[in-house]
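Structure first, then comments.
The values are calculated or read from the model by the stated rules, or taken from the named source; none is laboratory data. Just so it is clear, the model here is predicted, and its values are computed rather than measured. Cβ coordinates were reconstructed from backbone atoms using ideal geometry, including for glycine residues, and neighbour counts include every protein chain displayed.
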Amino acid sequence: MLETVVKAHDETRQGEAYAPHEESTSPFQKNFYIESYGCAMNFNDSEIVASILQGEGFGATRNVEEADLILLNTCSIREKAEQTVRKRLTEFRKLKKAKPGMLVGVLGCMAERLKDKLLVEEKLVDMVVGPDAYRTLPGLIEEANTGQKAVNVLLSREETYGDISPIRLDSNGVSGYVSIMRGCNNMCTFCVVPFTRGRERSRDAASIVAEARDLFERGFREVTLLGQNVDSYHWMPSDSVPGITEPVTFAQLLASVAEIDPLLRVRFSTSHPKDITDEVLFTMAKYENICNYIHLPLQSGSSRILQLMNRTYTREWYIKKVDRIREILPDCGLSTDIITGFCTETDADHADTLSLMQYAKYDLAYMYFYSERPGTLAARRYQDDIPETLKKQRLAEVVALHRQHTLDSMRKDVGKSFKVLIEGTSKRSSEHLYGRNDQNKVVIFPKGNLQKGQYVHVTVTDCTAGTLIAESATAL
Ligand code: SAH
Ligand code: SF4
Ligand code: F3S
């Protein structure tokens, strides 16, 4: 099986094979197969790549055997992510032996990090294309077809692919991603993203709103605005855009997308705690269709570790931010990312992380043990001195505590009523549908005459650790 079933909002999804959601007989002469790893932005990039390839006469296939071109859109965030991709590349190389005309290309963050190593030294692929070079794919495919080394890993200060209309791959037809910016200027010391994605740049606001409107008109009912640090979105209009003369902030962009239609839900990810403003929180409060849900990565609850990580906030500052969110948006869902075992982390630092978790009581968390990435500031400055067993032991404690918190948070919702956007049929039962409430919690309920894309009203009667259950649902 090439496909892994994963949560739609998982930051580090692994290896999803992609094909357009309308499965039709392909009118195309050539087929490409693309597998995506990593964050939602990478998945959205695959949709941009699909659009570029379609312009070249390539159709998407889910069946790797029938592909003329295999692409892996890769992630470098942790060592394990890279290992998974290497394994896949070795498998594809075998496949290529049986089908010599086929090309294999590596896209995304590993392409950027390793440059031509995978092609020249390891001879695993025919093409290496960095995240800002996808427009050059057609030329690179031609080069690779004639046996040349097809490599482009140039990063750009301007590229946002703003004019490219992504082809929605493997979408449920209800929720879609819209990238609003690229790159990151933050330089958290553990993180490879600034090196693989380059400088931060914001996409033009008018093209974002137009893409979201287009999705709505095609029946989508939810857009998630994507960026590594959405709150630092800042777009200076040029003369070419009539009607907008002032710089656009993230709060203004959110409002513009929310105003497309009250039936279009708006979500966003990721908010860096240092940058999320009151203006954003008040905008969320003002518009009913901006979901009350914030992903606010903590990384560590210890101010000393946060400083070594260059996160630029302290434990106290983060706590104040959580308080402010709860003050302005009392029923806001809150999720986070946590790293255990960062350089020099002591038992006391770890206890600080656990106690901050107790304070914030996250509804959802992505938890990792620290993985040193070559070239990052932490790799250059600090020693990766926490043994892996201890990193994993601390991670297990963090995971166990989080489990209690999610279960408590789910139980608290039993008896409450929610508005839910239906996303599709439940994986466990064809007689049930699933959707999410404002706070991003999955709710399952009987199908009745309901359909995906509709809003329903449900009263929760039961729950599991990951799902709310309702016995009936009424269309709104
Ligand atoms: N831009 C987002 C995070 C992107 S990466 C933000 O700033 O919050 C997603 C998550 O991966 C990070 O929040 C962090 O928790 C984790 N991560 C990043 N680098 C890591 C590393 N070297 N080891 C372990 N986890 C890491
Ligand atoms: Fe990485 Fe920090 Fe940028 Fe997030 S904000 S992508 S963790 S450098
Ligand atoms: Fe991974 Fe690159 Fe995203 S490193 S998490 S795919 S930006």
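Values for this structure:
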quantity	calculated
Among residues of the range 269-300, those that are more than 29 Å from residue 397 (Cα to Cα) and under 17 Å from the mean Cα position of the chain (by Cα), counted	1
Residue among 143, 122, 112, 158 that alone is more than 16 Å from ligand 1 (Cβ to nearest atom), of a type in the set (D, E, K, R) and assigned to a helix (DSSP H, G or I)	143
Number of positions in the range 326-341 that are within 16 Å of ligand 1 (Cβ to nearest atom) and under 23 Å from the mean Cα position of the chain (by Cα)	7
Among (1) within 16 Å of ligand 3 (Cβ to nearest atom); (2) farther than 21 Å from residue 440 by Cβ; (3) touching a strand residue (DSSP E or B) at 6+ places or on another chain (Cβ under 7 Å) - the single one residue 235 does not satisfy	(1)
Residue 135 vs. criteria touching a residue at least 60 places away in the same chain (Cβ under 8 Å) and either assigned to a helix (DSSP H, G or I) or touching a Ser or Thr at 6+ places or on another chain (Cβ under 8 Å) (or both)	yes
Matching residues, the range 35-74, being β-branched (Val, Ile, Thr) and either in contact with a Pro (Cβ under 7 Å, 6 or more places away or on another chain) or surrounded by fewer than 22 Cβ atoms within 10 Å (Cβ to Cβ) (or both)	48, 52, 64
3 or more residues away from ligand 2 (no atom under 14 Å from the Cβ) and not aromatic (Phe, Trp, Tyr): qualifying helices (runs of 4 or more DSSP H) within the range 171-271	205-217, 250-258
Boolean, residue 339 is away from ligand 2 (no atom under 16 Å from the Cβ), at negative phi and surrounded by 15 or more Cβ atoms within 10 Å (Cβ to Cβ)	no
Number of positions in the range 41-84 that are part of a helix (DSSP H, G or I) and either within 16 Å of ligand 1 (Cβ to nearest atom) or in the same structural domain as residue 175 (by TED's automatic domain parsing) (or both)	11
Residue in the range 347-370 that is surrounded by 20 or more Cβ atoms within 10 Å (Cβ to Cβ), outside the structural domain of residue 231 (by TED's automatic domain parsing), touching a strand residue (DSSP E or B) at 6+ places or on another chain (Cβ under 7 Å) and under 20 Å from residue 187 (Cβ atoms) present	yes
Qualifying residue in the range 131-140 (condition: within 21 Å of residue 95 (Cα to Cα) and among the β-branched types (Val, Ile, Thr))	no
Residue in the range 81-88 that is out of contact with any Asp or Glu (no Cβ under 6 Å at 6 or more places or on another chain) and either of a type in the set (Phe, Trp, Tyr) or under 18 Å from residue 58 (Cβ atoms) (or both) present	no
Cβ-Cβ under 8 Å pairs, at least 6 apart or on other chains, the range 28-40 side part of a strand (DSSP E or B), far side of a type in the set (Phe, Trp, Tyr)	30/58; 31/58; 32/58; 34/18; 35/18; 36/18; 36/43
Some residue of the range 272-279 being buried (at least 17 other Cβ atoms within 10 Å of the Cβ) and away from ligand 2 (no atom under 16 Å from the Cβ)	no
Of all residues in the range 5-38 being under 29 Å from residue 229 (Cβ atoms) and modelled with pLDDT of 95 or more, the one that is nearest to ligand 1 (Cβ to nearest atom)	38
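Each row is one residue, and each column tells you yes or no for (1) in the same structural domain as residue 114 (by TED's automatic domain parsing); (2) surrounded by 18 or more Cβ atoms within 10 Å (Cβ to Cβ); (3) within 14 Å of residue 179 (Cβ to Cβ).
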site	(1), (2), (3)
195	no, yes, no
222	no, yes, no
227	no, yes, yes
230	no, yes, yes
233	no, yes, yes
237	no, no, no
254	no, yes, no
260	no, yes, no
265	no, yes, no
